[in-house]
Amino acid sequence: MTRTIRKYKLKIDATLTLPPGKPVLVVIQDDSHAPTIWIEHTDQDLDSPGASVIYRLAGTGLPFEGTATHVGACICGPLVWHVYREQP
């Protein structure tokens, strides 16, 4: 099985739909102050048409609804962003 790690920039107040995979790291990479997530994908993940996962951000102390799974967090100045993954 071949695996590839790809990075994706997350946006505040937005969802990001990506191919399935295993999140391996969430950090602030540059001066944009938005978290970047690295996801390990298998060939099967990338070759599955229609398969997708939704990632969302939530700030510490802010209400969050749904059944999404927490996959990581990162510190951006005084804020901590939490990344959640949900299946569509």
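The values are calculated or read from the model by the stated rules, or taken from the named source; none is laboratory data. Please read all numbers here as calculations on a predicted model, not as lab measurements. Here the Cβ is made from the backbone with ideal geometry for all residues, glycine too, and neighbour counts use every protein chain on show.
In segment 33-47, the qualifying residues are those that are surrounded by 12 or more Cβ atoms within 10 Å (Cβ to Cβ) and among the charged types (D, E, K, R), and the one that is modelled with the highest pLDDT is Glu40. Taken over segment 63-82, the residue count meeting the criterion of being surrounded by 12 or more Cβ atoms within 10 Å (Cβ to Cβ) and either under 13 Å from Thr17 (Cα atoms) or free of Cβ contacts under 8 Å to residues at least 12 places away in the same chain (or both) is 0. Residue under question is Gly50, and the condition is that it be surrounded by 15 or more Cβ atoms within 10 Å (Cβ to Cβ) and small (Gly, Ala, Ser); does it hold? Taking the combined requirement at face value, the residue does not satisfy it. For segment 3-12, check the following and say yes or no: at least one residue is surrounded by fewer than 14 Cβ atoms within 10 Å (Cβ to Cβ), hydroxyl-bearing (Ser, Thr, Tyr), over 9 Å from the mean Cα position of the chain (by Cα) and modelled with pLDDT of 90 or more. Scanning segment 3-12, I find at least one residue that is surrounded by fewer than 14 Cβ atoms within 10 Å (Cβ to Cβ), hydroxyl-bearing (Ser, Thr, Tyr), over 9 Å from the mean Cα position of the chain (by Cα) and modelled with pLDDT of 90 or more, so the answer is yes.
All conditions in (1) touching a helix residue (DSSP H, G or I) at 6+ places or on another chain (Cβ under 8 Å); (2) more than 25 Å from Thr4 (Cα to Cα) hold for Val80, with the sole exception of (1). Could you tell me whether segment 20-32 includes any residue that is part of a loop (DSSP other than H, G, I, E, B), crowded, with 18+ Cβ neighbours inside 10 Å, in contact (Cβ under 8 Å) with a residue 12 or more places away in the chain and touching a Lys or Arg at 6+ places or on another chain (Cβ under 9 Å)? Yes, segment 20-32 has at least one match.
Filter segment 33-65 for residues that are under 14 Å from His82 (Cβ atoms) and either in a loop (DSSP other than H, G, I, E, B) or of a type in the set (Lys, Arg) (or both) and give the result. Passing the criteria: Ala34, Arg56, Thr60, Gly61, Leu62, Pro63, Phe64, Glu65. Out of Thr15, Thr42, Thr60, one residue alone is without any contact (Cβ under 8 Å) to a residue 24 or more places away in the chain and out of contact with any helix residue (DSSP H, G or I) (no Cβ under 7 Å at 6 or more places or on another chain). It is Thr60.
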